[in-house]
Amino acid sequence: VTEARALTVVGTGIRCGVDLARDARAALADADDVFFIAADPISHAVMHKHRPDAVSLGSLYGQNVERQDTYARIVDRVLDAVRAGRRVCFAVPGHPAVFAQPTHEAIRRARAEGFEAVMLPALSAADHLYADLGVDPGAVGSASFDATDFIVHGRRADPTTALLLWQIGAIGETCEPSAVNRDGLRVLTEVLLEGYPPAHEVVVYEAARYAITDPVVSPVRLDELPSAPVSFYSTLYVPPASTPPLVPERLARLRLTTVPA
Ligand SMILES: C[S@@+](CC[C@H](N)C(=O)[O-])C[C@H]1O[C@@H](n2cnc3c(N)ncnc32)[C@H](O)[C@@H]1O
């Protein structure tokens, strides 16, 4: 089936090489052109082991380049090749649908122009987080936001569910930052303190990026988050602080006396 596709968007997962699924490997091998974004030099090298001719789009990012412009140029590069009749594979870290605007835009534009385009699922940082921190998003519910989005849209955390906040190292940044934005972390902390107690334990989490390394799990008090060890790979896990109240009328409507397991 892959032969017929004009565009296949794949995710390389989080653990370099190890997370790359079989269908993604096949898509990389079958494509005429491979474009990729790699999280670090080792991932870059691993991609070139699969496809020595793969073209990195990393140079389109820059500290003085608006991220939206970078995304537009990435999509243009991928679409130019599709329009030229090439069968293209576009690979990004993690799951290609998760916090990854250009992948969705490339698929949307390719389809709008009449090309067959498919996105393959992959392991995201959240998948690793659930396993490493023992979180079942179905047990208490869960919500996931980009940290900047969470702040600027005045979103309210529900302290009875799990909360995942992404991109906490680059809060409020429109270009690629050179260092973690500690002012942004302070603002995020203030916003979270509206819904959680200062001593609530949150976890700054970094999934293992290589088969031979361990995840970095840093539990901190919420009010100490601004000085916590945060990197550009960190995701914040905020566990629930309380249990949700039962609504007796709704239990009754389901003819229940207690919550089913
Ligand atoms: C642009 S998003 C890409 C997400 C990716 N597509 C995925 O499926 O996980 C970058 C954000 O993903 C999260 N992330 C990426 N690598 C991670 C890792 N090794 N551990 C934890 N979170 C990670 C962080 O929140 C980071 O700011």
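Values in this text are rule-based calculations from the coordinates and carry no lab data. Treat the numbers as computed from the prediction; the structure is a model and nothing was measured. Cβ coordinates were reconstructed from backbone atoms using ideal geometry, including for glycine residues, and neighbour counts include every protein chain displayed.
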Sort the chain into rounded, prolate or oblate with this rule: let a ≥ b ≥ c be the square roots of the eigenvalues of the Cα gyration tensor; rounded if a/c is under 1.5, and if a/c is not under 1.5, prolate when a/b is larger than b/c, oblate otherwise. prolate
Please compute the net charge surrounding Leu129, taking Lys and Arg as +1 and Asp and Glu as -1 over other residues with Cβ under 12 Å from its Cβ. -4
Give me the net charge for the shell around Asp32: Cβ to Cβ below 9 angstrom, other residues only, Lys and Arg +1, Asp and Glu -1. 0
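Provide the net charge surrounding Cys175, with neighbours chosen by a C-beta distance below 13 Å and charges set as Lys +1, Arg +1, Asp -1, Glu -1.
Values: positive: Arg67; negative: Glu66, Asp69, Glu173, Glu176.
Cβ neighbours under 13 Å give a net charge of -3.
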Along the stretch 59-76, Karplus-curve 3J(HN,Hα) (6.51, -1.76, 1.60; θ = phi - 60°) to the nearest Hz, with x for Gly and Pro, reads 5, 7, 7, x, 5, 10, 10, 4, 4, 5, 5, 4, 4, 5, 5, 4, 4, 4
Can you list the HN-Hα couplings for the stretch 211-221, worked out from phi with the Karplus curve (6.51, -1.76, 1.60; θ = phi - 60°), rounded to whole Hz and with x for Gly and Pro? 4, 9, 10, 9, x, 9, 10, 10, x, 9, 5
Can you pull out the GluC sites (Glu not before Pro) in the stretch 143-222 that DSSP calls coil and that have at most 12 other Cβ atoms within 10 Å? Glu194
Enter the Cα centre distance for the pair the stretch 148-175 and the stretch 26-86, rounded to the nearest angstrom. 28
As I understand it, the value is the acute angle between the Cα axis of helix 182-193 and the longest principal axis of the Cα atoms of the chain; what does it come to in degrees, rounded to 10? 40
Take the Cα coordinates of the stretch 44-87, assign each an equal point scatterer, and use the Debye formula without solvent to give log10 I(q)/I(0) at q = 0.13, 0.21 Å⁻¹. -0.37, -0.82
Collect residues whose amide H, placed 1.01 Å from N in the peptide plane, falls under 5 Å from the amide H of Ser234; neighbours closer than 5 in sequence don't count. Gly169
3J(HN,Hα) from dihedral phi, the stretch 150-156, Karplus parametrisation 6.51/-1.76/1.60, rounded to Hz, x for glycine, proline: 4, 6, 6, 8, x, 5, 10
The value for the stretch 130-261 (convex hull of the alpha-carbon atoms, volume per residue, Å³) is 129
